[in-house]
Each structure stands twice: as structure tokens, then as C-alpha cells.
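The values are calculated or read from the model by the stated rules, or taken from the named source; none is laboratory data. Remember, predicted model here, so these are calculated numbers, not experimental data. With ideal geometry, Cβ positions are generated from the backbone for all residues, glycine too; neighbour counts draw on all protein chains shown.
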4 protein chains.
Amino acid sequence: MVTGPAPAVEARTVLAVRYAETDMMGVVHHAVYPVWFEVGRTDLMLALGLPYTQIEARGYYLMLSGLSVEYRRAAKYGDSVTILTRAAQVRSRTITFSYAVYRAEELLATGETRHIATDHAYRPARLPDDVQAALSVGTR
Amino acid sequence: MVTGPAPAVEARTVLAVRYAETDMMGVVHHAVYPVWFEVGRTDLMLALGLPYTQIEARGYYLMLSGLSVEYRRAAKYGDSVTILTRAAQVRSRTITFSYAVYRAEELLATGETRHIATDHAYRPARLPDDVQAALSVGTR
Amino acid sequence: MVTGPAPAVEARTVLAVRYAETDMMGVVHHAVYPVWFEVGRTDLMLALGLPYTQIEARGYYLMLSGLSVEYRRAAKYGDSVTILTRAAQVRSRTITFSYAVYRAEELLATGETRHIATDHAYRPARLPDDVQAALSVGTR
Amino acid sequence: MVTGPAPAVEARTVLAVRYAETDMMGVVHHAVYPVWFEVGRTDLMLALGLPYTQIEARGYYLMLSGLSVEYRRAAKYGDSVTILTRAAQVRSRTITFSYAVYRAEELLATGETRHIATDHAYRPARLPDDVQAALSVGTR
């Protein structure tokens, strides 16, 4: 019997675009996408059995060290958007998540966030093994 | 010589409207005004010699218990707005601030926020006398 | 058979608190509640068969003229909140909506928004009869 | 007399961190930086004699096609931050701006935004020569 790698864990978040998320250009403001990514991250960590609230309760933060977004099509008020979120890379001190935002089948944006683990004094810290393991399930 | 009450202390905050603060209606989104009020509050407390950071450093929060805004005219991107902020009422456990937002001479909005003092566990607390005194200067 | 008034139409919106909605006080920032109210309004209008996008497509805006919020308990990241939204009063040129925000059975906040109908040049306008009628269903 | 290239035009924007810009981590939320960049862009275009309002009044949008941010140090409530903004590259249909955020001498973050020019139906468009010329002054 041949077995391959376990399928990747991916969170699927569906959001209704809020009026407050639009700007005078008539579309969703670009700074909203990192907020949506964060909602996706919340959902991914819940799906992995490791709510982000637990990370903080255990004395860690996953602080942003990098963000990139590629915008292809604008989202509008009235749209329902789907955010797909994955843990792209998990190391003992850094994690990378990747995101894709869709409106039905149409890809609106992709992005990536890079995080460093810190303690609550914002000093770099090593993530506990079980946290690394739980998050790593998302990368397979 | 007849002397009246000391003039009220009022903070005067000038802000340039941000593009991100607009919505698809083409004007500043209404939820931005409480954020502007908060900037006014920050400036008032600085002017009173009592930065809000000190309030928190001493173990208190001034949590919002009430908010009201009356909108008269819409602000737009490109506008410079002025927020006038006063402490309308100061008691040992509650404080009320009032606000007026202008574009040049034109009144755009007025508002009020009511706050309760709490400790960092969000339990109601009595403000120290010196804090009450400093804030009260704003109400005269 | 005795019949009373039709039951009021009320929208029920469930939202997961976003990390970005918190502030350094550790709870949801107060300016987020008007944004949640707006999501509730969107859902109410959908439920009434009159999506807000249609209002705008027909040449109207429902601009905010007044906002009030009473805060009772703070919402936190990780909470699921429910917003109940009703049209409290509908007139030809003004509409009032009322809101209640719950975390399970616990009432977190209540609020009200008052709106004036305008055309797309922001001039006061009279709402078409069918719009008034559709919204009025929410007030019964 | 030897003359070199004209000095680059760079906008210098000073902002006081807003309480609403913080999150429960106690620092400025990462999605705020693109909003600050946008304020810097507004100031740069004013400095170049080409307010962004004019761009839109002439029928164009500069829509975001890409965003990247590198976060080095966290900003906090009470901080005054300075955003330095430059036009890094100007072409007939695309523009790149670059940003650096400082707290006094300390570099907090750097970033870049890429924009495509569109008409008001969001279709790609070629920027008028005078607009290109004005923005190009920022790149020298």
C-alpha cells in the first residue's frame, strides 16, 4: 500500500463584505485584506485545535514581521468572500501563513504573513513543541 | 475687582481626513467620529498634564459606557477637520467628555462620551483625587 | 379568531470578534459597535427583501444623522456576538434602527442609529413608498 | 559648476498613534501601517503639487495592486511616528511608492505599495503625461 502525505489543513472562512470596509473608490479598502487574513488565521488555528487565545494564554504572541498582498480584483459591498488560509512554514521561532481570497470562483487576492514568536515582553521566544506540531499539520 | 470662573480648558485637535476613513458613499464613515473623539480626548488629557498613558500606568481604565454623535454635515477626503474636546463632567467614578467637529467655521458633528473608571480587571474603581482634580480643570 | 399585529421582523446577525477589533485595553474597541450595527442593518434589509445595495442603486443614501450606544459589558477576542436589529421608526425622510448586542444570553450593548434619506448629491429626499413599506415591516 | 540630479522629493508625515490603532497585544495593529502609508502618499502628492483628489477629479484611480510591509519594531499608543514617502517608480500605467516609518531615529517598519492607474470603471488606463511628470519628480 502506498501512502502519500496527509492532506494539508486549510481553513475556509466566509465573510460578508461590510459597508465600513469600503472606501470612496467604491470597493473594499486594501487595508481590510490583512484583517480578513487574520480572521482566516483565527479559523485555521481553531481547526488545528490550537485557538490563538491559547497561544496568548500560554504567554506567547505571534507578532507580524512581514506582510504581502497581491490584489487582482476588487471586492465590493454585497459580496460574499471566502478566505482560504494555510500555514506555509512552521519553525521554532517563525511561522508563515498564506492566504487566498475568492468571490465564488474568482480569485480576488493572495497574500502572506510572516510571524515571529515572542513572549509578552515582545522578546523573541521559541514556540513549545506541541504548538509547533499542531501548526505544522497545516503545512503538510 | 470681579473675577469669574477660570476659562474652560478645551483641546483643539486638527486632523487631515484619511482616504481609509471614507466609505463608498464618498464621505467619512460615521464610525470614524468616535475615533476622532478619542484623539481629542488624548489631546485634552495631555493639555491637562495627565496623559492617558499615565492613567493606565497607574492601574486604571476609562472605559466607555456611553456614546452619542449628532451628524450635521459630512466630512470628505481632503478636508482638514478640527475637534474641540472638553471634560463636561467629572465625578469620582464617571467622566463625560463632549466634542465638536468643525471644517473651518462649519460645524460637522457634535458628540459625547461617558466613561466609567475601572481597574485593569475591568471592575469599577474610584479615580484618585489628583486625577479627578486634573480632569476637573477641563470642566470649569 | 383573534389576530394581533404581525410579529416584528428582526435580523439576527452572528459575528466572531476579530483580533483587529480589540484595543490595548484587551477588549473590543467601542468604535467597532457602530460597524457591527451596520452589519445588522445590512442583514435586516436583506431579510426585508430590500438589500441596501438596491437603495443606493435607485439613487438614495441612508445617511447617519445620529448614533447612540450604551455599553454594558465588554466583548473580547474569541467571543461570538449576536446583533439583533430592528427598524424602530420609518418615516418618509427619516428612519431609526435599534440594536442589541449579546454574547449568548448576556446583553453587551444596545444602540440606535437615525438616518436621513438623501439623493446621491447628499440632498434630503423622500423615500419611495415601496421602500418605506418594506422597511416598515420591521417596525411592527 | 557640476550639478547632479535634483534631490528626491520625499514627504515627511508626523502622526500621533491613536488608541484605536492598538490591539490587545498592546501595540499598533499591523493593518494600520498601510493606512499610515496612504496618509504619506497623500502628503507626497500634495508636495508634488498634484493632490490625489485631483487625480480622481480627472477620472482616474490609483488602485492598489500590491502591498508589502516589513515590521521591525512595534509602535505604541503615545508614540509620535514619522512616515517618509517616496515615489520609487513611475510608469504610464503603474506607480510604486516606498515608505519608512520611524519613531525618532528608530526604524519601525518599511513598505511598498504598487498601484495601477484605472478609470472610474476600474479599467486600466494610461496616466496623462503631466501626472506622470509630476509624480516622477518624487523618484529622482
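Miscellaneous remarks
- Within the stretch C:33-59, being away from chain B (no Cβ under 13 Å) and of a type in the set (A, V, I, L, M, F, W, C) holds for C:Leu44, C:Met45, C:Leu46, C:Ala47, C:Leu48, C:Leu50.
- Options A:Val137, A:Val131; residue that is touching a Phe, Trp or Tyr at 6+ places or on another chain (Cβ under 8 Å), at pLDDT below 95 and either more than 14 Å from chain D (Cβ to nearest Cβ) or assigned to a loop (DSSP other than H, G, I, E, B) (or both): A:Val131
- Among all positions in the stretch C:103-122, there is at least one residue which is out of contact with any His (no Cβ under 9 Å at 6 or more places or on another chain), closer than 30 Å to B:Tyr61 by Cβ and not in a strand (DSSP E or B).
- Any chance C:Gly66 is surrounded by fewer than 20 Cβ atoms within 10 Å (Cβ to Cβ) and at positive phi: no
- Test: D:Tyr61 is out of contact with any helix residue (DSSP H, G or I) (no Cβ under 6 Å at 6 or more places or on another chain), of a type outside the set (Lys, Arg) and surrounded by 19 or more Cβ atoms within 10 Å (Cβ to Cβ): yes
- Per-region count, the stretch A:69-83, residues away from chain D (no Cβ under 12 Å) and surrounded by fewer than 21 Cβ atoms within 10 Å (Cβ to Cβ): 4
- The single condition among (1) surrounded by fewer than 17 Cβ atoms within 10 Å (Cβ to Cβ); (2) assigned to a loop (DSSP other than H, G, I, E, B); (3) in contact with a helix residue (DSSP H, G or I) (Cβ under 7 Å, 6 or more places away or on another chain) that C:Arg126 does not satisfy is (3).
- Criterion violated by D:Pro51 - all others in (1) touching a residue at least 12 places away in the same chain (Cβ under 8 Å); (2) closer than 17 Å to D:Gln132 by Cβ satisfied: (1)
- Verdict on B:Gly49 being under 12 Å from the mean Cα position of the chain (by Cα) and not aliphatic (A, V, I, L, M): no
- Residues of the stretch B:10-32 satisfying the condition of being under 23 Å from C:Ala117 (Cα atoms) and within 8 Å of another protein chain (Cβ to nearest Cβ): B:Thr22, B:Asp23, B:Met24, B:Met25, B:Gly26, B:Val27, B:His29, B:His30, B:Ala31, B:Val32
- Any hit, the stretch C:28-35, residues being over 26 Å from B:Tyr61 (Cα atoms) and in contact with a Pro (Cβ under 8 Å, 6 or more places away or on another chain): no
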